[in-house]
Amino acid sequence: MIKYQQRQQLIKLLNYSGDKGIPVRKSIVSLLDEVGIYPIRGKYLLTEQGKKLLKKYIYDFHGEDLDKTVSYEQQNRFDLAKQIPDEKRGGFSVFGSLLNFSGNTNLPFKDGSSAIITPNYVVSCKLEDIELSKITSLIVVENGTNIIRSRELIEILPEKLMSSLILFKGYKDNAAQVNTLLESLSNDCGIYYFFDYDPSGLFMMINLGLRKKSYLLVPERLSPEVISLNKHSYFSRQNSHMQSIYARRNELSLGLRQRIEEMQQKEYAITQENIVAHGLKLEVLALLDE
């Protein structure tokens, strides 16, 4: 989750109405870089499209809605119920900050217990209860459908990943919890991202993956049936993300660079659901050459 000072800086930038640009503090420069927003002569000026991208990125990655007025004195329902009759005025979703797992494995807890997870159900729990040191392989998925129907996803995974925990990236509060979990995992834990096979999906996987050694899961090949479902209009809407990752392609692994170039040439925008529903086998793709 972004800090209060960062939020204030971002809002200031979003609300700037001049045409000369403004300087920003170092605390948000790295965030802007991740979105693909760069300064001109040391100053930042956002287009309307740039504002939309920035808001979406902060919402998706940090769980913050920059359009929403936030009170940093809000409390959870249990704490608030000690003080006032109507605890629902706390403003928190009951399940909003929980992590959501599926898979075909065990989820270890700090009290020494564990949850046996099968593809038949989803396990939701608090981050502070999980024994992170015992997680050895984790797959982060963009869409909740792949948590609810994890059996189909497991069938197309490389064999070595079929017993991995599968974690939903989430939104807002639980998205921030996911980021904290990822940062706290052991360096020996294998982290894999499976998002939509489109510019935005690659953009998010690359930015998340570069924070900590990780890998991407992409289809080994696209079948004619899946290619026929390609959403060209979605590709067009994601042009800024396409340009951002294309400009950075030479910093990435050869395999990923080839995927980026092919995606730009053929304008691929294919959903996770289509990949899973058609049983396309996934392969592991390194972010950087090793």
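Summary table
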{"read-out": "Alpha-carbon Rg with Dmax, taken over the chain, Å", "value": "20.1, 61"}
{"read-out": "Peptides 189-197, 30-38, 231-239 ordered by average Cβ neighbours within 10 Å, highest first", "value": "189-197, 30-38, 231-239"}
{"read-out": "Qualifying lysines (Cα of each under 20 Å from Cα of LYS212; at least 8 residues distant if same chain)", "value": "LYS134, LYS169"}
{"read-out": "DSSP beta bridge pairing in the chain, given as percent antiparallel to the nearest 5", "value": "65 percent"}
{"read-out": "Ranked packing of 202-210, 138-146, 254-262, most packed first, by mean Cβ within 10 Å", "value": "202-210, 138-146, 254-262"}
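Every number here is computed from the coordinates shown, using simple stated rules; none is lab data. Computed from a prediction, not measured in an experiment: that's the story for all the values here. Note that we place each Cβ from the backbone using ideal geometry, even for glycine, and neighbour counts take in every protein chain shown.
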